[in-house]
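> Before I ask anything, here is the structure I am working with.
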Amino acid sequence: MADLDGLKVAHEYYRDVPFSVNGAFYVKGAGNLDWGMKKRLANIFNPKTGNTVMFAFDHGYFMGAVSGLERLDILIPRLQNHVDVLMATRGALRTCVRPDCKKAIALRVSSGSSMVQEDLSREVVAVDMEDAIRMNADCVAVQIFIGANGQLESIDNLSKTVNAAMRFSIPTLGVVAVGKNMERTTKYFKLATRIIAELGANIVKTYYCEEFDEVVAACPVPIVVAGGKKLPEREALEMAYKAMRGGAHGLDMGRNIFQSQHPVAMADAIGKIVHRKFTDKEAFEYYTESINK
């Protein structure tokens, strides 16, 4: 194993220096990938802004009928034209999303224990790559538990998924898991996002934290920030603004959209921050005006 004695702790992140290996392609770290990978990444990240608004509704694979997601067949048609990417399980996609939907698809391929069990960190790869191809997925998403009981298994899941996805030019989205007993520190997110990128993920989904710009600078692929637990709309938009200002290339909002009293207006407000560079105050004003029309 690597000798950690005397290891220098790095502090120079060159936060003001743009990532330099993109070549002629605009997605961070993707300059040396093949055409198929770039095409799928271009479906996910808007070519004009380089950013994305993902809508995650894959919660049911371990939480069941989550409040706000009871009727996907009603919710998704209302929201799909207000986001860039739908992140879901294959079951939800096949049953509740029309095949003429033009949005990019982030397909959840890892699965594990339900909420009735204490340890959620042990997952398996539940979807093979042939089915991801049948689903026309633009990327495949795997949950990674760094520092948890299931760390080795989830790293194995990620590695196997990257290996299989690369054969068919499908990007892999590595999702940083944060359980109730896991850290939510800058140090942890720097570690987790870097490990996931080094193992071959093309996109990393993580959480906003202090010194977030350092987390972004140290990660050689785009970071998309998770919305996490439901927040008041003003606070969710403030977090979204800070994440984008810190260098995120998008937001993956779930509960902060589908549990909002006005999910369409909230999705649009997030989009204004991600693609139009609205501040959180401007986005909240837009949200307020939208719901009062």
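> Using all Cα-Cα distances in the range 171-236, what percent lands in each 5 angstrom bin from 0 up to the longest?
3, 19, 29, 24, 16, 7, 2, 0
> Which of rounded, prolate, oblate describes the chain, given a ≥ b ≥ c as roots of the alpha-carbon gyration tensor eigenvalues and a/c under 1.5 marking rounded, otherwise prolate only if a/b is larger than b/c?
Working: a/c = 1.34, a/b = 1.16, b/c = 1.15.
Verdict is rounded for the chain.
> Something else: Tell me, what does the Kirkwood hydrodynamic radius of the range 161-293 come to in angstroms if you use every pair of distinct C-alpha atoms? Provide the component values of the computation, followed by the final result.
Details: mean 1/r = 0.0646 Å⁻¹.
Hydrodynamic radius (Kirkwood, Cα only) of the range 161-293 equals 15.5 Å.
> In straight Cα distance, which aspartates and glutamates are under 17 Å from Lys272, not counting same-chain residues fewer than 8 positions off?
Of all the aspartates and glutamates, those that pass the test against Lys272 - Cα under 17 Å, at least 8 places apart if same chain - are Asp84, Glu233, Glu235, Glu238, Asp252, Asp280, Glu282, Glu285, Glu289.
> When a/c is below 1.5 the answer is rounded, else prolate if a/b is larger than b/c, else oblate, so apply that to the range 251-293 with a ≥ b ≥ c taken from the square roots of the Cα gyration tensor eigenvalues. Could the numbers behind the result be given before it?
Details: a/c = 2.21, a/b = 1.07, b/c = 2.06.
Oblate shape, in that a/c is at least 1.5 and b/c is the bigger or equal ratio.
> So if I take the centroid of the Cα atoms in the range 46-103 and the same for the range 210-255, what is the distance between those two points in Å?
19
> Turning to a different aspect of this structure: Add +1 for every Lys or Arg and -1 for every Asp or Glu among the other residues with Cβ under 12 Å from the Cβ of Arg194, and state the total.
0
> Can you list residues from other chains, or at least 5 along the same chain, whose modelled amide H is less than 5 Å from the amide H of Tyr207?
Ala226
> For the range 53-93, which trypsin sites (Lys or Arg not before Pro) pass both filters: DSSP loop (anything but H, G, I, E, B) and at most 16 other C-beta atoms within 10 Å?
When the trypsin sites (Lys or Arg not before Pro) of the range 53-93 are filtered for loop state and at most 16 Cβ neighbours within 10 Å, Arg71 remain.
> What percent antiparallel are the DSSP beta bridges of the chain, to the nearest 5? Provide the component values of the computation, followed by the final result.
Working: 3 of 30 bridges.
Close to 10 percent.
> In Å², what does the accessible area per residue of the chain work out to with a 1.4 Å probe? Don't skip to the end; give the middle numbers.
Numbers: 14870 Å² over 293 residues.
About 51 Å² of surface per residue is accessible.
> I would also like to ask the following. Can you tally the net charge around Ala88? Count Lys and Arg as +1, Asp and Glu as -1, for every other residue whose Cβ sits under 11 Å from the Cβ of Ala88. Before the final figure, lay out the partial values.
Details: positive: Arg90, Arg94, Lys103, Arg108; negative: Asp58.
Within the 11 Å Cβ shell, the charges total +3.
> Can you give the helix-only mean residue ellipticity at 222 nm for the chain, where every DSSP H stretch with n ≥ 4 adds -39500 (n - 2.57) and the sum goes over all residues, rounded to the nearest 500 deg cm²/dmol?
Details: 12 runs with 115 residues, N = 293.
The per-residue figure over the chain is -11500 deg cm²/dmol.
The values are calculated or read from the model by the stated rules, or taken from the named source; none is laboratory data. This is a predicted model, so every value here is computed, not measured. No Cβ is skipped: glycine too gets one built from the backbone with ideal geometry, and neighbour counts run over all protein chains shown. Ligands, DNA and RNA are stripped out before the accessible areas are found, and what is left, the full protein with its side chains, is counted by its heavy atoms. Shrake-Rupley method; radii C 1.70, N 1.55, O 1.52, S 1.80 Å.
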